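The structure appears right after this line, and notes come after that.
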Amino acid sequence: MRPIVALAAVALSVASVGVFVRSSAVARTETTALWAEFLTKLRRHGGAGVLWLLIARCVRAAGSLQLVGVYERDLATPPAPVRARIPVTIAPATLADVDQLVPLTAWQEDVRDHERSAVARHIEDGLRRGRVCFVARVGARIVHCTWIAFGWQDTFKGRFAVLPDDAAYCGGSYTAADYRGLAINTEVNAAILRFLRDRGYRRALAYIDFDNRSSRKTYEQMRWQKRGDLIAFTPRGCKTYVLRIRGRIEPVAERALPPHCHDPR
Ligand SMILES: CC(C)(COP(=O)(O)OP(=O)(O)OC[C@H]1O[C@@H](n2cnc3c(N)ncnc32)[C@H](O)[C@@H]1OP(=O)(O)O)[C@@H](O)C(=O)NCCC(=O)NCCS
């Protein structure tokens, strides 16, 4: 076992004991859920992912903590051809797709009825404002979406990507849980790079949480380059604080939108 995994397992055991000594049924359920999350994280994101899960959990009462890599894809070189492991049809979504897009855009497949209309409005606004949502379909069912923004995009709470005319921002990728691991995100990523190149864009930007190994694999395979790292801390109910760790992180966490951009809030 690698030291980082051992350290994470010890920390998790201590955390579990802490929860367990409260010795109620609720505490036992919490412990079981924590172990399940630990094992999933270990399988998908490795020991470093587990360690980060524990650190993020420790500060959860105060707010959310993200360690993020800022990625850029120079569109001078075309993406390598890549195919998902099942046949999918990839195309930009239209307003007719909004209903199906709601759970995928919300990253919540059991999205509650009272939240649906707010998410649907957000999707419609995005499409009307010129954002493009690439979807992958299996038959008639939409199983994946990734959003592309031009001009600007909100990234963290009270922070924005402010994009030059030759750049686009990609984000919000979501594959339905029962279709993951089939390279659908990877084929969609390649389709988006081709779409942007064909329209004369010179680079694409994105950010990825460091413990999202699946996303990183896709971006590395599609030859995105990491150009910087940052820590983002969002205290409950407040705007996000951003600390640059390394490299270049602009323009994905700017404090304000320039006057010609409309502030969404
Ligand atoms: C991240 C996410 C979009 C990836 O979608 P996907 O269609 O499963 O991605 P791919 O199949 O193209 O995955 C890329 C790599 O990760 C692996 N992978 C992805 N999901 C996996 C899973 N559930 N189990 C095992 N491996 C998985 C794939 O095997 C692939 O590696 P490979 O090419 O060496 O086989 C999806 O997991 C998801 O929706 N996650 C929740 C939202 C999220 O984190 N979005 C990303 C924000 S940047």
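Which residue out of I142, I148, I184, I192 is in contact (Cβ under 8 Å) with a residue 24 or more places away in the chain, assigned by TED's automatic domain parsing to the domain that holds A93, at negative phi and under 14 Å from the mean Cα position of the chain (by Cα)?
Within the list I142, I148, I184, I192, the selection yields I148.
For every residue, the table says whether it meets (1) in contact (Cβ under 8 Å) with a residue 12 or more places away in the chain; (2) of a type in the set (D, E, K, R); (3) in a loop (DSSP other than H, G, I, E, B).
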site	(1), (2), (3)
Y201	yes, no, yes
D211	yes, yes, yes
F233	yes, no, no
G237	no, no, yes
E250	no, yes, yes
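Any idea which of R223, R265 is loosely packed, with under 14 Cβ neighbours inside 10 Å, within 15 Å of the ligand (Cβ to nearest atom) and either assigned to a loop (DSSP other than H, G, I, E, B) or at pLDDT below 90 (or both)?
R223
I'd like to check something: does the stretch 175-186 contain any residue that is out of contact with any helix residue (DSSP H, G or I) (no Cβ under 9 Å at 6 or more places or on another chain), farther than 22 Å from P81 by Cα and surrounded by fewer than 19 Cβ atoms within 10 Å (Cβ to Cβ)?
Checking the stretch 175-186: at least one residue is out of contact with any helix residue (DSSP H, G or I) (no Cβ under 9 Å at 6 or more places or on another chain), farther than 22 Å from P81 by Cα and surrounded by fewer than 19 Cβ atoms within 10 Å (Cβ to Cβ).
Out of the residues in the stretch 198-210 meeting the condition of being more than 10 Å from the ligand (Cβ to nearest atom) and not hydrophobic (A, V, I, L, M, F, W, C), tell me which one is surrounded by the most Cβ atoms within 10 Å (Cβ to Cβ).
Within the stretch 198-210, the match that is surrounded by the most Cβ atoms within 10 Å (Cβ to Cβ) is Y201.
Of the residues S215, S173, which single one is under 29 Å from V50 (Cα atoms), near the ligand (Cβ under 9 Å from one of its atoms) and either part of a helix (DSSP H, G or I) or touching a Lys or Arg at 6+ places or on another chain (Cβ under 7 Å) (or both)?
After ruling out the rest, the residue left standing is S215.
The values are calculated or read from the model by the stated rules, or taken from the named source; none is laboratory data. These figures come from a predicted structure and were not determined experimentally. So basically every Cβ, Gly included, is an ideal-geometry build from the backbone, and we count neighbours across all protein chains shown.
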